[in-house]
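Engineer: Structure in structure tokens, see below.
The values are calculated or read from the model by the stated rules, or taken from the named source; none is laboratory data. Predicted, not measured: the structure shown is a model, and the values here were computed from it. Please note: Cβ atoms are built from the backbone with ideal geometry, for glycine as well, and neighbour counts cover all protein chains shown. Accessible surface is based on the protein model in full, side chains and every heavy atom, while ligands, DNA and RNA are left aside. Shrake-Rupley method; radii C 1.70, N 1.55, O 1.52, S 1.80 Å.
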Amino acid sequence: MEQEQLLNQALQSLANGDYLKTIEILDGVTDEVLKAEVIIFKSRAYFLLKRYQECIDLLQNNLGQIMDLNANLQLVYLEELCFSFLMTEQYDQLKEFTNQVINQSDIARVQAQAYFYQGYLNCELEQYEEAYESYLGYMQNEDEQSIQYSNIAFAAMKVGDLLKAREYIDLATIVHKDRFYELVLKSDIYRQSGENEIAVKLIHQAYLQYVGGAIDQELLLSKGENKYVLSMIEGKEAQIQNEYELLNQ
């Protein structure tokens, strides 16, 4: 009972953003029955403190404990470990781990997220054929309502499958009709398809959001979208505005 109370106190500290206190309290939870939960929540504190290597070490050393948890907790574990590998540029370890999850997990949602991180990494490495294949595996295993179609659209565009890219970006914009990233990506896809008029309208709409302060650039950077998206905007303000004005003369 006392151990469970400590665990609850740690969870409260985690919810309150006191991550160091969370770790301190969890160090006092020694009940083997609670070990898996302790690992998950301590790793979360490390993750939120951006102490990524400690997060990796804790999770990797306790893989067996975590894979026995329910799907939701396994997804938290997967996200933390994959993102920590990305942030520490341990790309080979990320590939090895995601392959292990895909081959060993019997939970479709967990497999889907492993495929997703493979696709994300391959895009970062500009290995677009591999990224597209991984994203297709992600799409086949993920719940339809949760699919990040914009990522698949980007990979499809990069491999030259513009019809599929348009199909996926249209699905993405059903959910995120006026979101900055989707507007920029959709503009690029339409421009590559030769439909410049639509492309200009879309990029101008995105540009107005950018200069209007509607874009959280820190969030954009944390999502890994900054490099691609802002390269479509920064330094091109005059060109975007001029194209739009010529279009509407």
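Engineer: Just to verify a number: FRET efficiency for ASP170 and THR30, C-beta to C-beta distance, R0 = 41 Å, to 0.05?
Structural biologist: After rounding, the FRET efficiency stands at 0.15.
Engineer: Expressed as a whole percentage, what fraction of the accessible surface of region 59-169 belongs to carbon and sulfur atoms when a 1.4 Å probe is rolled over the protein heavy atoms?
Structural biologist: Carbon and sulfur together cover 40 percent of it.
Engineer: If one computes the Cα centroid of region 165-195 and of region 111-158, what distance in Å separates the two points?
Structural biologist: 16
Engineer: So how much slack lies between ALA71 and GLN100, counting 0.36 nm per residue of separation and subtracting their Cα-Cα distance, in nm?
Structural biologist: Length gained between ALA71 and GLN100: 8.8 nm.
Engineer: Net charge within 10 Å of ARG166 by Cβ-Cβ distance, Lys/Arg positive one each and Asp/Glu negative one each, not counting ARG166 itself?
Structural biologist: Once all neighbours under 10 Å are counted, the net charge is -2.
Engineer: Whole number in Å², please: accessible area per residue of region 81-141, 1.4 Å probe, ligands, DNA and RNA not counted.
Structural biologist: Here the per-residue accessible area is 49 Å².
Engineer: Same structure again: At 1.4 Å probe size, what's the solvent-accessible area of ARG191? Round to the nearest 10 Å².
Structural biologist: Counting only protein heavy atoms, the figure is 90 Å².
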